[in-house]
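To keep things clear, I will list the structure first and then write my remarks on it.
The values are calculated or read from the model by the stated rules, or taken from the named source; none is laboratory data. Model, not experiment: these values are computed from the prediction. Positions of Cβ are backbone-derived with ideal geometry, glycine not excepted, and every protein chain shown enters the neighbour counts. Surface areas here come from the heavy atoms of the whole protein model, side chains and all, with no ligands, DNA or RNA. Shrake-Rupley method; radii C 1.70, N 1.55, O 1.52, S 1.80 Å.
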Amino acid sequence: MASAMTESLTIRRPDDWHLHLRDGAMLEGVLPETARHFARAIIMPNLVPPVVRGDDAMAYRDRIMAALPDGMAFEPLMTLYLTEATDPADVAAAAASGLVKAVKLYPAGATTNSASGVKDFDKVRGVLEKMAEIGLPLCTHGEVTTPEVDIFDREAVFIDRVLDPIRKSTPGLRVVMEHITTKNGVDYVKSQDDMGATITTHHLVINRNHILVGGIKPHYYCLPVAKREEHRVALVEAATSGAGPFFLGTDSAPHIDALKEHACGCAGCFTATNTLSVLAEVFEKAGALDRLEAFTSLNGPAFYRLPVNDETVTLTKGGAVDYPAKIETGAGPVTVFDPGFPLHWSVA
Ligand code: DOR
Ligand code: ZN
């Protein structure tokens, strides 16, 4: 007989609406970690060189599918990296073929491999107008990166200086504010029509103290950087509300340990491996396990106008679940995100 403590939760198979898979040996090492639990993912284009044109996206999709182990199913949803030279006709053709599901805006210099990002927004006006016309979403890395802006204020300043002006000047453009980290982001998204926001696993768990108190913790450093506790609480409220605009985008971003544990450590938390167990814990604590499916499996497809997945996954609650501390990849070891609390939900 099953123990009286055992509980289980069956949900539609989740998707990840913001994922970094990299390329080569790293791609091979991390792809199974996502494909084990997720049916689809929006694939970030910040490779070196970036995925800019439709042809680049097609070649990258082929490399991802070639790296997928036999017996695993996974659908990469490709994105293009917006540059000041992006051709609206190329974007439209890549979207019409079904290959590309979004275009990614990185302000120049905002984060890992963002040197080709946008400096002068007038130069991308034609692309944004074409995207509004065809209904192709713009995914934004929401940070202003000029040196006078404090790093903890970058998101709030982005909303005022970049996002709101884009929304007003390009009616009909469908925008996803990616990896929101502030109450300002939550409130802005709620105030808008037809706008989405992704929330990462790690921003539901850590605040800025986790990075800096008791010694610097490089594996908690990511961009946008985690903010004060009141912002984390606002993110948990948004995610666990089940409200349509908010959906999971893990921003799982692998870097080898040697580049994280470094005098100039890279930004990124690697959460692909244990995301579902961590989220179940967060949602249970909030009394919202019944809304986990909306966040992981329903709201994202609704925003992207894609069908929900037919398959399901079952989470079972029991004794402590152990995940490997590191994933060994051909590029080197990658540390798995440590939520700092025990996990009890495992994925069948
Ligand atoms: O922490 C991050 N890592 N934030 C990003 O925006 C990029 C990502 C990466 O590619 O490593
Ligand atoms: Zn990212």
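Helices in the chain, meaning DSSP H runs of at least 4 residues, each add -39500 (n - 2.57). Divided by all residues, the mean residue ellipticity at 222 nm is -8500 deg cm²/dmol.
Does the range 81-233 come out rounded, prolate or oblate, given a ≥ b ≥ c as the square roots of the eigenvalues of its C-alpha gyration tensor, rounded meaning a/c under 1.5 and, failing that, prolate meaning a/b above b/c? Prolate is the answer for the range 81-233, as a/c is 1.5 or above and a/b outweighs b/c. In this label model, Ala348 and Ala302 are separated by 2.6 nm, measuring between points 7 Å along each Cα→Cβ vector. Ordering 158-164, 321-327, 179-185 by mean Cβ neighbour count within 10 Å, with the highest value first, yields 179-185, 158-164, 321-327. For the pair Val149 and Asn113, label points projected 7 Å from Cα toward Cβ lie 2.3 nm apart. Is the chain rounded, prolate or oblate when judged by the Cα gyration tensor, a ≥ b ≥ c being the square roots of its eigenvalues, rounded requiring a/c under 1.5 and prolate requiring a/b larger than b/c? Rounded.
Mean sequence separation of contacting Cα pairs (under 8 Å, at least six apart), scaled by the length of the range 1-155, corresponds to a relative contact order of 19 percent. One chain, two ends: Arg36 and Ala286. Fully extended at 0.36 nm per residue, the span grows by 87.4 nm beyond their Cα-Cα distance. Aspartates and glutamates near Lys119 by alpha-carbon distance under 17 Å, same-chain residues fewer than 8 away left out - which ones? By straight Cα distance, Lys119 reaches Glu84, Asp87, Glu143, Glu148, Glu155, Asp160, Asp164. In order along the range 317-327, the phi-based Karplus estimate (6.51 cos²θ - 1.76 cosθ + 1.60, θ = phi - 60°) of 3J(HN,Hα) comes to 9, x, x, 4, 9, 9, 10, x, 5, 9, 9 Hz; Gly and Pro are listed as x.
Averaged over its residues, the chain has an accessible area of 40 Å² per residue, based on protein heavy atoms and a 1.4 Å probe.
Listed by chain and number, the lysines whose C-alpha is less than 27 Å from the C-alpha of Lys190, apart from same-chain residues fewer than 8 away, are Lys101, Lys104, Lys130, Lys168, Lys227, Lys285. Computed about the Cα centre, the dipole magnitude for the range 93-172 is approximately 380 debye when only Lys and Arg (+1) and Asp and Glu (-1) carry charge, each at its Cβ. The portion of the accessible surface of the chain made up by carbon and sulfur, rounded to a whole percent, is 54 (1.4 Å probe; DNA, RNA and ligands excluded).
Here the Karplus relation 6.51 cos²θ - 1.76 cosθ + 1.60, evaluated at θ = phi - 60°, turns the backbone of the range 281-295 into coupling constants of 5, 5, 5, 5, 4, 8, x, 10, 4, 5, 10, 4, 5, 4, 5 Hz, with x for every Gly and Pro. Between Phe341 and Thr10, the contour length at 0.36 nm per residue exceeds the Cα-Cα span by 116.9 nm.
For a test of the definition: using alpha carbon positions, the gyration tensor, and the 1.5 limit on a/c, classify the range 198-331 as rounded, prolate or oblate. Prolate shape, in that a/c is at least 1.5 and a/b is the bigger ratio.
Contact order for the chain, expressed relative to its length and based on alpha carbon pairs under 8 Å spaced 6+ residues apart, stands at 20 percent.
Extending each Cα 7 Å along its Cβ direction at Ala66 and Asp160, get the distance between those two points in nm, one decimal. The modelled label-to-label distance comes out at 4.9 nm. Backbone phi angles across the range 177-192, fed through the Karplus curve with coefficients 6.51, -1.76 and 1.60 (θ = phi - 60°), yield HN-Hα couplings of 7, 7, 5, 5, 10, 9, 5, 4, x, 4, 5, 5, 4, 5, 7, 10 Hz in residue order; Gly and Pro are listed as x. If R0 is taken as 51 Å, the Cβ-Cβ distance between Arg167 and Asp322 corresponds to a FRET efficiency of 0.70. Distant-in-sequence amide contacts of Val100, defined by a placed amide H-H separation under 5 Å and a gap of 5 or more residues or a different chain, comprise Ala95. Computed about its Cα centre, the charge dipole of the chain is approximately 220 debye, with only Lys, Arg, Asp and Glu carrying charge at their Cβ.
Averaging the sequence gap over all C-alpha pairs within less than 8 Å and six or more residues apart, then dividing by the number of residues, gives the range 72-200 a relative contact order of 20 percent. Taking amide H atoms as placed 1.01 Å from N in the peptide plane, the amide H of Ile42 lies under 5 Å from those of Asp16, Trp17, His18, Leu19, Leu77, each 5 or more residues away in sequence or on another chain.
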